[in-house]
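The values are calculated or read from the model by the stated rules, or taken from the named source; none is laboratory data. Quick caveat, the model's predicted, so the values are computed rather than measured. Quick reminder, even Gly has a Cβ in these numbers, built from the backbone with ideal geometry, and neighbours come from all protein chains shown. Side chains are part of the model used for accessible areas, which takes the heavy atoms of the whole protein and leaves out ligands, DNA and RNA. Shrake-Rupley method; radii C 1.70, N 1.55, O 1.52, S 1.80 Å.
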Amino acid sequence: MMHLYLVRHGIAVDRDDPDCPPDTERPLTPKGMKRTHEAALGLRTLKIRPDAILTSPWLRAVQTAEIFSEVIGFSSKKIVQLDALKGTSTPAELFRELAKLRAKEVLCVGHEPHLHLIIGQVLHTSAKITELKKAGIACLELDQISPPQGLLIALYPPSALRDLGKETPPETNFKKDA
């Protein structure tokens, strides 16, 4: 069994901004960095300690993964960038990568609508179950990876994570990879 945490990247530079770089290079905004950090504090409060953090190679997702790893005490050097988490990939590509891991808890940072397609594949439905807000998280409990089979056990809107994070004492440290 695996717990799979799907995280949507934080607030990034708007595509309509005249100074916006190409989509793959859009960074988080200062507000996006702050709110992502606050959401990560909420994840830390939940004492979620992934064995692996995987991310889309697109800049806003990498920055989100780095913020989450820093806050939860996961070494940023162990973050793995995967093409399978690009917004243009298929859920099957991610499940092939997950099948290679020997991990009980995996945090994946990616993009919508790709993330809701992954949820749909696990739940065997083409219905749109949810659309994650930026820096929001869905938790899936996978009974098996190939073919994917499992349950959606939690949805954490970013606002709820930020509220949880306010309850975290600043000295709390969950270092896993010291």
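Data for the structure
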| item | result |
| --- | --- |
| Members of segment 123-172 found to be assigned to a loop (DSSP other than H, G, I, E, B), of a type in the set (A, V, I, L, M) and without any contact (Cβ under 8 Å) to a residue 40 or more places away in the chain, listed by number | 127, 129 |
| Qualifying positions in segment 46-59 - at pLDDT 95 or above and over 15 Å from residue 88 (Cα atoms) | 50, 51, 52, 53, 54 |
| Given (1) touching a helix residue (DSSP H, G or I) at 6+ places or on another chain (Cβ under 7 Å); (2) open to solvent by less than 60 Å² (accessible area, probe 1.4 Å), number of the condition residue 70 does not satisfy | (2) |
| Filtered residue count, segment 73-122, keeping only those that are assigned to a helix (DSSP H, G or I) and charged (D, E, K, R) | 6 |
| Checking residue 51 against (1) within 23 Å of residue 146 (Cβ to Cβ); (2) open to solvent by less than 40 Å² (accessible area, probe 1.4 Å); (3) touching a strand residue (DSSP E or B) at 6+ places or on another chain (Cβ under 6 Å), the condition it does not meet | (2) |
| Tabulated pairs, segment 76-89, first among the hydrophobic types (A, V, I, L, M, F, W, C), second open to solvent by 70 Å² or more (accessible area, probe 1.4 Å), C-beta under 9 angstrom, 6+ apart or interchain | 79/66; 84/96 |
| Qualifying residues in segment 153-178 (those that are open to solvent by 50 Å² or more (accessible area, probe 1.4 Å) and under 20 Å from residue 53 (Cα atoms)) - the one modelled with the lowest pLDDT | 178 |
| Those residues of segment 1-34 which are in contact (Cβ under 8 Å) with a residue 24 or more places away in the chain, open to solvent by 80 Å² or more (accessible area, probe 1.4 Å) and assigned to a loop (DSSP other than H, G, I, E, B), in sequence order | 1 |
| Of residues in segment 35-48 being part of a loop (DSSP other than H, G, I, E, B) and of a type in the set (A, V, I, L, M, F, W, C), the one most open to solvent (accessible area, probe 1.4 Å) | 46 |
| Search result, residues across segment 87-136 that are open to solvent by 70 Å² or more (accessible area, probe 1.4 Å) and on the phi > 0 side of the Ramachandran plot | 124 |
